[in-house]
Every structure is written in structure tokens, then in C-alpha cells.
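Undergrad: Pasting in a structure now, in C-alpha cells, and then I'll have a few things to ask.
Readers should treat all values here as calculations from the given coordinates under stated rules, not as data from a laboratory. Predicted model only: the values in this text are computed from it and were never measured. All Cβ positions, even for glycine, are placed from backbone atoms using ideal geometry, and neighbour counts span all protein chains on display.
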Amino acid sequence: MEETKQINKMGTVPVKKLMLSMGIPMIISMVLQAVYNIVDSAFVSNMTNGGEDALNALTLAFPLQILMVAVGIGTGVGANVLVAKSLGQGDSRQANKAAGNAAFLAFVIYIVFLLFGIFGAEIYISSQTKNPVIAEMGIDYLRICCIFSFGMSFFAVYEKLLQATGHSVCSTIAQISGAVTNIILDPIMIYGLLGCPEMGVKGAAYATVIGQIVSFAVALAFHLKINKAISNELCYFKPSGRIIKMIYAIGLPAIISQALISVMTYGLNLILGGISEAMVTAYGLYYKIQQFLLFAAFGIRDAIMPITAFSFGMRNKKRIKDCVKYGQIYTFIIMLAGLIVLELFAVPFSEIFGLAGETQSLCISAMHIISICFVFAGVNIAFQGVFQALDGGMESLVVSVCRQLLFVFPFAILFAEMAKSNTDNSWMVWTVFPIAEVLTMIVALVLFRRIYKKKTTAFAE
């Protein structure tokens, strides 16, 4: 009975209220996901020996970590939307199959990254630096994160399954459990406290994967105990080509979208490395700081998706309109607040990580300039959630390609060359991001008008 009420609220509670009740826990969950990277960076940067080298090493490993998260979350997003839409249509059997196949895919994803950790970590890190100290730290950190990545892969799926049925508070509790575990273990394992051997960068990696495993265990427990809308019979875990295709019809563009962050970061590491190591470190640190704000927007996006998908399954045009309206309003408020915070507290944020001299100056200028793009990025992120819910994976992908690739690299290469000839122009590289988001917003508005008309013309108001 309780589960029926939980599902019914997806189609009956006013969108304005529903999006807040689901979105706030998701925002907390996504912001805590950013904790995994920022906490490691904060602790290793304050190591007695080699703190800045360690921070650089984590920056080099970061794109591959983003890729791991991208594949896991993208698969979860596909399952999320398919489960929510199937429940909206009253097709519980398809919802069960989507959940079971998503768990199977999480296992496959883990095997792939396990093999990469064993055989590919050294090649990957060595491609970005010639500094042997930084390379060794980066390889150690990345290898551990890959070999024990099953917690991340499975949590990404079960988190989205809880969100698909309206249990966003449970997914947030699971995320908090892992984040708190990571925060507690980081200083103990990095610095060697309470009888634990001092492990440095390796300690940061172990703290991260243990936190991910804790999140997975808690999410799985909630799923089995509370998520009664989904059956966990073994027959639903049997791979189905049709269901996997449906999951990735939605999820693959989301994976590519997230993976483009990895491509962008890796590419910018190479471009900025041509200017100075300080530019790479400053950008890597800034990116982790801004993740708190971007991931908050992702939290609203993750509320937009299941509510819009459920309304799409119901063929309810008015609720879809409300999803777009309030999704954009809430995202704008979050990103505007983030812009104000970074502009006011750029210097204190940089000091948390023990930065000084050129690296600190570059990081502060990055915060002041790049944060201008937040309000435009919020529009693009909200539209991506709407596109994915309306089976517009390709439109979502186009937005990602524009904001993380097409409108970034040409300007970055141009401005980097100008900075090489005159280091006083280094600040110009940071303007790439506001330029890319504004241009992408124009593209997103055009795509939205087209897909909304195409998908909802026959729906009742």
C-alpha cells in the first residue's frame, strides 16, 4: 500500500512541490559525490612531503575517474528513466527487467575497469607527465580506484533505481554513509593515524573505494527492503538484448555526455601543460571545487528526469511543461548562488589546499572568471534532463558535445598559444568556459523547441 502511494505521487503531487521533495535529497547526494574527489585533494595537498606533486597526480587520474563514474551513472540513468516510464505506463514486468539488467551491466562495467587498472593505469598516467614522482603517485592512486571500483559501479545503478521510484531520501542516506566513511578514513590512512601505517596517496585511494563500497551496501539494503515496486527475482537479471538496448538508448548519450568531461579534462591537461604545471594544478583544483555547484545542478536534473519520464508515460502535457519550468527555475537559483559564493570566497577556498604563489593566483583567477558561466551551464544541464526523459538522448548528447568539446578546444588552443607567448594572457584561457556555455545555451533552446513539439503534440493538456 505504501509503495502504491509512493508511485502515485509521481503522477499526482504538484510538480513544483514534488521536484523540491525529490530534488533536495538528490542535490545533497550529488554534492556528496563530489566530496570523494575534493576531500582526497584537500588531504593530500597538505601532506608534509610532496603535497603539490600529490595534488597534480590526482589531477592526472581525475579524467579516468570521471569516465568510470560516467559509465556507471549513464547506465543508471538509462535504467532510471526506463523504470520510471514503465511504471508510469503500468508495465511492472518491463520495470523489473530494466532493474535486473542494470545490475548485470554494473558487473560488466566493473570487470572492464578492473582490467584497465591492472594493465592500463601506467600507460594512461605516463601519457600526461614525464615527472617520475608524479607519475608513480598517479599510477598507485588510479590502479587502486580501478581494481576496487565495484562499489562505485553497483552504487551508481542502485542509487538510480531508488530515485526512479521516488525514494531519493534513501539514495541520499547511502551517499552520505560513503562520504562520511571517506572523510573519516582519509586522514587516518594518508597520514598514518590511530595505528594505521602512513600510506600517502595510496591511503587516499583506499579511503575512496571503501567509501564507495559502503554507499553500495547501504543502497542495496534499501533497495531490497523498501523498493517494493521492483521485483528482484533471478529471472529478471538474465541479460536481455531488447532491455539493454532500451537502457542504452537513453543511457548511452548520458554516458558519452559524462565521458566528455573526461575527454575535456584530459585534453585541457595537455593544453595547459604546454603553458606550465601550475596551470594544470590550478585548473584541476578549480574543477573539483566547482563540482559542488555543478553536481547540485545535476541533482535537480536527476529529479527532472524521473518526474518528466513518468509524466511522459502518462501522456500528461501540463506536468511536462511544469517539469521544464520549475527545473529551470530551481537550477538557475542554485547556479546563481554558486556564482556569488565563488566570487566572494575565491581566496579562502584556494587557501584550504595550501596553495601559494603562481598556482594560487591562477586558481583564484579561474574561480573569478569561469564561475561566470554557471547560470548558463544551469540552463543547459536542466535541458539535458528534459531531453533524456523525452527519449531525446541524441539532443542531450549534442548539448554535451557543444559545451565540453566543440566550443571548448578551439578557443582553448587559441588562448593557450597566446599565453605561451605572453604569460600575462594566461587568464584568457579561463574565458573559454563562459563562451562555450553561452553558445551551447543557444543550441539547447533550439533543440528544446523542436523535441517538445515533436513529442507532445498529441498529448492532452
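Undergrad: Can you tell me which of 418-425, 77-84, 158-165 comes out highest on packing, and rank the rest after it, using the mean Cβ neighbours within 10 Å?
TA: 77-84, 158-165, 418-425
Undergrad: What FRET efficiency comes out for K420 versus L193 if R0 is 25 angstrom and r is the Cβ-Cβ distance? Round to the nearest 0.05.
TA: E between K420 and L193, to the nearest 0.05, is 0.05.
Undergrad: Could you pull out every one of the lysines with an alpha carbon less than 29 Å from that of K455, ignoring same-chain neighbours closer than 8 positions?
TA: Counting by Cα, and skipping residues close in sequence, K455 has these lysines nearby: K5, K9, K16, K17, K85, K97, K160, K245, K317, K318, K321, K325.
Undergrad: Charges only on Cβ, +1 for Lys and Arg, -1 for Asp and Glu: so what's the dipole of the chain about the Cα centre, in debye to the nearest 20?
TA: 2540
Undergrad: Using Cβ counts within 10 Å as a stand-in for footprinting exposure, how do V263, V432, V112 rank, fewest first?
TA: Ascending Cβ contact count within 10 Å gives the list V112, V263, V432.
Undergrad: To the nearest 10 degrees, how steeply does helix 201-226 sit against the main Cα axis of the chain, on a 0 to 90 scale?
TA: 10
Undergrad: Using the count of nearby Cβ atoms within 10 Å as a rough guide to exposure, how do C363, C196, C402, C235 rank from fewest to most?
TA: Least crowded to most crowded, the residues run C235, C196, C402, C363.
Undergrad: What residue among C363, Y283, N80 has its Cα farthest toward the positive end of the dipole of the stretch 14-455, where the charges are +1 on Lys, Arg and -1 on Asp, Glu, each on the Cβ?
TA: Value: N80.
Undergrad: Which shape class applies to the stretch 73-230: rounded if a/c is under 1.5, otherwise prolate when a/b exceeds b/c and oblate if not, where a ≥ b ≥ c are the square roots of the Cα gyration tensor eigenvalues?
TA: Oblate is the answer for the stretch 73-230, as a/c is 1.5 or above yet b/c matches or exceeds a/b.
Undergrad: Something else about it: State to the nearest 20 debye the size of the charge dipole of the stretch 184-320 about its Cα centre, where the only charges are +1 on K and R beta carbons and -1 on D and E beta carbons.
TA: Dipole of the stretch 184-320, to the nearest 20 debye: 1020 debye.
Undergrad: I need E122, E437, E277 ordered by Cβ neighbour count within 10 Å, fewest first.
TA: Fewest-to-most ranking of E122, E437, E277: E122, E277, E437.
Undergrad: Taking only Cα atoms, what is the 0 to 90° angle, nearest 10, from helix 241-273's long axis to the longest principal axis of the chain?
TA: Relative to the chain, helix 241-273 is tipped by roughly 20 degrees.
Undergrad: Using Cα centres only, tell me the gap between the stretch 252-306 and the stretch 140-218 in whole Å.
TA: 20
Undergrad: In whole Hz, what ³J(HN,Hα) sequence does the stretch 368-385 give by Karplus (6.51, -1.76, 1.60; θ = phi - 60°), x for Gly and Pro?
TA: For the stretch 368-385, the Karplus-derived couplings read 5, 8, 5, 4, 4, 6, 4, 5, 6, 4, x, 4, 5, 5, 4, 5, 4, x Hz, x marking Gly and Pro.
Undergrad: What lysines sit close enough to K130 to cross-link, taking a C-alpha to C-alpha distance under 27 Å and skipping anything fewer than 8 places away on the same chain?
TA: Candidates past the 8-residue exclusion: K202, K288, K420.
Undergrad: For helix 132-147, report the angle its Cα long axis makes with the longest principal axis of the Cα atoms of the chain; keep it between 0 and 90° and round to the nearest 10°.
TA: In the chain, helix 132-147 runs at an angle near 20 degrees to the longest axis.
Undergrad: Relative contact order for the stretch 14-455: what is it in percent, counting Cα pairs under 8 Å that are at least 6 residues apart?
TA: Reported relative contact order: 23 percent.
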